[in-house]
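First comes the structure, then the notes that go with it.
The values are calculated or read from the model by the stated rules, or taken from the named source; none is laboratory data. Note that the structure is a prediction, hence the values are computed from the model and not measured. Here the Cβ positions follow ideal geometry from the backbone for every residue, glycine too, while neighbour counts run over all protein chains shown. Accessible surface is based on the protein model in full, side chains and every heavy atom, while ligands, DNA and RNA are left aside. Shrake-Rupley method; radii C 1.70, N 1.55, O 1.52, S 1.80 Å.
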Amino acid sequence: DVSARNVLERVVSIFVLFFSLLVFSSVIAQVTNSMTALRSMQGDIKKQFWLTRRFLKSRQVRSDVRQRLLRYLEHQVSAQRDRIQQKEIGILNLLSDPLQNLLSYELNRRLVLSHRLFVFLDTHIHPIMVRMAHRVLKMEALSDQDVVYRPGESAMNWVFVKSGNFLYEHVGANATVTRTKTLSKLEWSAEACIWTEWWHRGRLTAVGPSEICCISPQRFADVVRVHPWPWNFCKRYARRFVAELAAIDRHDISDLLEGDHMTRTIGQAVEESASQQTEDLLDEAAFGNIDEAAVCGNDDVI
């Protein structure tokens with residue numbers, strides 16, 4: 001049997017008991033506050049869904065459209081609950097512009113570097129790609145059966161698939177679908193709008209909740225024109241790209257120019273860049289430590 005034997009031991013025992021009570025109360029309070037906040041958050045979400053249902057029903061929105069809207073909202077709420085959103089971290093706004101550019105590059109580089117043009121630019125003039133990742137790439141979430149573009153529409157963006165799947169339907173004469181292809185993560189369409197005036201040759205539709213990355217021709221041009229070397233390289237690439245388009249039968253032209261066409265295009269553009277290396281050498285003082293041999297157009301990186 002252990003017990004206090006004198007006044008000092010009794011004082012210490014009372015102090016330890018009082019301190020333990022405070023710590024235990026603090027822990028219980030924190031757990032209670034966390035549970036209350038969680039219930040409040042869930043209650044707010046349930047209330048928002050309830051209000052949404054009432055709103056759609058009061059406006060006489062068709063039942064199939066209501067179900068489609070609610071399914072997408074449920075998916076988005078679930079996805080945001082499981083993933084930390086960058087906009088929720090307010091302290092990131094304190095980053096300098098160069099660091100924000102670098103963060104955007106690290107978050108999205110796997111997406112754009114799936115295309116060999118960006119691999120070449122990233123290898124030879126990395127600062128351009130860092131700036132492009134922050135200023136050019138625009139993410140857009142889509143629901144099942146959302147149409148990204150339709151035949152005959154003027155192309156506004158070069159589209160990369162970030163997540164999900166998309167069905168591309170090539171539309172030929174008499175508005176008939178001549179062939180289809182499923183686009184998955186890291187694939188792209190409508191690259192031609194970057195290099196020439198382009199009208200879509202088919203329909204791109206989301207298959208389930210998906211997300212795309214859009215590259216605007218104007219924003220792309222604003223970034224690459226900051227230095228003559230990437231600007232001149234892109235002009236050569238554009239000439240080769242358009243030449244490839246002209247060589248394809250007009251009935252076979254689609255929004256999915258890729259494979260051998262793209263390989264030849266970038267290969268020929270690199271060869272031209274190498275032949276004009278003396279006029280396009282980068283100023284290392286402006287762009288940091290960049291390998292001069294790589295800037296001249298080393299075919300090994302292609």
Exercise. Positive end of the charge dipole of the range 156-248 (Lys, Arg +1 and Asp, Glu -1 on Cβ, about the Cα centre): tell me which of Cys214, Tyr168, Thr196 has its Cα farthest that way.
Key: Thr196
Quiz item: Ranked highest first by average number of other Cβ atoms within 10 Å, how do 146-153, 61-68 line up?
Solution: 146-153, 61-68
Quiz item: Each residue of the range 169-185 in turn: what ³J(HN,Hα) in whole Hz from Karplus with 6.51, -1.76, 1.60 and θ = phi - 60°, glycine and Pro shown as x?
Solution: 10, 7, 10, x, 5, 6, 6, 9, 7, 8, 7, 9, 8, 9, 9, 10, 3
Exercise. Count the net charge of all other residues whose Cβ sits under 12 Å from the Cβ of Trp198, scoring Lys and Arg as +1 and Asp and Glu as -1.
Key: -3
Quiz item: Of Ala79, Gln30, Leu95, which is farthest on the positive side of the dipole of the range 1-151, counting Cα position, with +1 on Lys and Arg Cβ, -1 on Asp and Glu Cβ, and the Cα centre as origin?
Solution: Ala79
Quiz item: lysines near Lys87 by alpha-carbon distance under 29 Å, same-chain residues fewer than 8 away left out - which ones?
Solution: Lys46, Lys47, Lys138, Lys162, Lys185
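Can you sort Val242, Val171 by 1.4 Å-probe accessible area, starting with the largest? Walk me through the numbers on the way to the answer.
Working: Val242 60, Val171 30 Å².
Sorted descending by solvent-accessible area, the residues read Val242, Val171.
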Quiz item: Quick one: putting +1 on the C-beta of Lys and Arg, -1 on the C-beta of Asp and Glu, what dipole do you get for the range 1-139 around its Cα centre, in Debye to the nearest 20?
Solution: 1100 debye
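Per the Cauchy relation, a quarter of the hull surface: what is the mean projected area of the convex hull of the alpha carbons in the range 74-148, in nm²?
On the way: hull surface 26.0 nm².
Its average projected convex-hull area is 6.5 nm².
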